[in-house]
1. Give the residues of the range 38-94 that are of a type in the set (S, T, N, Q) and crowded, with 16+ Cβ neighbours inside 10 Å, sorted by residue number.
2. Run W91 past the list (1) part of a helix (DSSP H, G or I); (2) modelled with pLDDT under 95; (3) over 15 Å from the mean Cα position of the chain (by Cα) and report the number of the one that doesn't hold.
3. For the range 7-50, enumerate the residues that are among the small types (G, A, S) and within 23 Å of K69 (Cα to Cα).
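The values are calculated or read from the model by the stated rules, or taken from the named source; none is laboratory data. Here the structure is a predicted model, which is why all the values come from computation and not from measurement. Positions of Cβ are generated from backbone atoms using ideal geometry, with glycine treated the same way; all protein chains shown enter the neighbour counts.
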Amino acid sequence: MSKAYAHKVDVFNIVTSPEIEMLIICNEHKYNDYKKSGRKPSEYCKADLGYKNVKNYDFVKGYFGRIEKLIASIHEYRRLSNIPKGEYILWDLL
């Protein structure tokens, strides 16, 4: 008779919102301006950067069409941001 063993699986939550908008802000080299604005990332992208469809899948896919652009933005976001302990972001998946 065999015993059934339960295997423990670690679950990690990867927070991507508002990270996608923050990646755009970082790519545009506007992080400091964004911080001064007091706006939410999506509002800043719409009002200050002129990206009206910032939450649209096709826009994001087109904006980060080159993987190098996405990876550079992920690294820059990690460098500039203060990620709470125990929270993971896209950078952690690289």
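1. Our first condition is that a residue be of a type in the set (S, T, N, Q); within the range 38-94, this holds for 42, 53, 56, 73, 81-82.
The answer is S42, S73.
2. (3)
3. Residues of the range 7-50 that are among the small types (G, A, S), as a first pass: 17, 37-38, 42, 47, 50.
S17, S42, A47, G50 - these are the residues of the range 7-50 that are among the small types (G, A, S) and within 23 Å of K69 (Cα to Cα).
Here is a yes/no grid of residues against (1) at pLDDT 95 or above; (2) in contact with a His (Cβ under 6 Å, 6 or more places away or on another chain); (3) of a type in the set (V, I, T):
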{"residue": "H7", "(1), (2), (3)": "no, no, no"}
{"residue": "I14", "(1), (2), (3)": "no, no, yes"}
{"residue": "P18", "(1), (2), (3)": "no, no, no"}
{"residue": "E21", "(1), (2), (3)": "no, no, no"}
{"residue": "H29", "(1), (2), (3)": "yes, no, no"}
{"residue": "D48", "(1), (2), (3)": "yes, no, no"}
{"residue": "K52", "(1), (2), (3)": "no, no, no"}
